[in-house]
Amino acid sequence: METGISQRPSKVVHDRKGSAVSEAEIDDFDWKEILKDAIWFHFTGITPAMSDKAALVTLDACKTARVMGITISAVINYRKKLWSPDKALKVISELMQYVDVIIGNKEDTEKVFRIKATESDVIKGNINLEGYKKYQKNC
């Protein structure tokens, strides 16, 4: 995090190149052993966004958790500095087939899944509950 000063706002920097998670390989993790006593596995959308390798590791973890009968949850956490909406849609959509509980806000869900709640503007405080019901059915 770069702290802003005066007219310049604070800025989050995702310095991922060469990080351990971005370089992780599927064989680095024994998910059956790691998850052996787990009842719930959770990941964020930031992890698969770190690199193609991290996305494969996340997918492998989800597949193993599913076979083991573990509940899987995910929070979208779309970060435009890490990947494009098209790449996020491709990767996150593949992961979602294993997810039991998805957590996301309106903006992240629109960016990743292209699903928009109609006639609502959270910034202006205009909330259309019927639009959110339609939105939920599309998810």
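A few points about this structure:
- Selection status of ASP86, within 25 Å of LYS63 (Cα to Cα) and either of a type in the set (Asp, Glu) or modelled with pLDDT of 90 or more (or both): yes
- Yes/no for ALA20 being in the same structural domain as ILE92 (by TED's automatic domain parsing), small (Gly, Ala, Ser) and surrounded by fewer than 11 Cβ atoms within 10 Å (Cβ to Cβ): yes
- Residues that are part of a loop (DSSP other than H, G, I, E, B) and β-branched (Val, Ile, Thr) were ranked within the stretch 101-124; the one that is surrounded by the fewest Cβ atoms within 10 Å (Cβ to Cβ) is ILE123.
- Answer residue from the stretch 67-94, given it is under 13 Å from the mean Cα position of the chain (by Cα) and under 21 Å from LYS36 (Cα atoms) and is surrounded by the fewest Cβ atoms within 10 Å (Cβ to Cβ) among those: SER73
- Candidate set from the stretch 125-139 (those that are assigned to a helix (DSSP H, G or I) and polar (S, T, N, Q)); member that is modelled with the lowest pLDDT: ASN138
- Of the criteria (1) of a type in the set (S, T, N, Q); (2) more than 14 Å from the chain's Cα centre (by Cα); (3) modelled with pLDDT under 80, which one THR109 fails: (2)
- Inter-residue pairs, beta-carbon under 8 Å, first assigned to a loop (DSSP other than H, G, I, E, B) and in the stretch 15-43, second surrounded by 12 or more Cβ atoms within 10 Å (Cβ to Cβ) and aromatic (Phe, Trp, Tyr), 6+ apart: LEU35/PHE41
- Subset of the stretch 23-66 (residues that are under 16 Å from ASP100 (Cα atoms), surrounded by 20 or more Cβ atoms within 10 Å (Cβ to Cβ) and modelled with pLDDT under 95): GLY45
The values are calculated or read from the model by the stated rules, or taken from the named source; none is laboratory data. What you see is a predicted model, and the numbers here were worked out from it, not measured in a lab. Don't worry about glycine lacking a Cβ; one is built from the backbone with ideal geometry, like all the others, and counts go over all protein chains shown.
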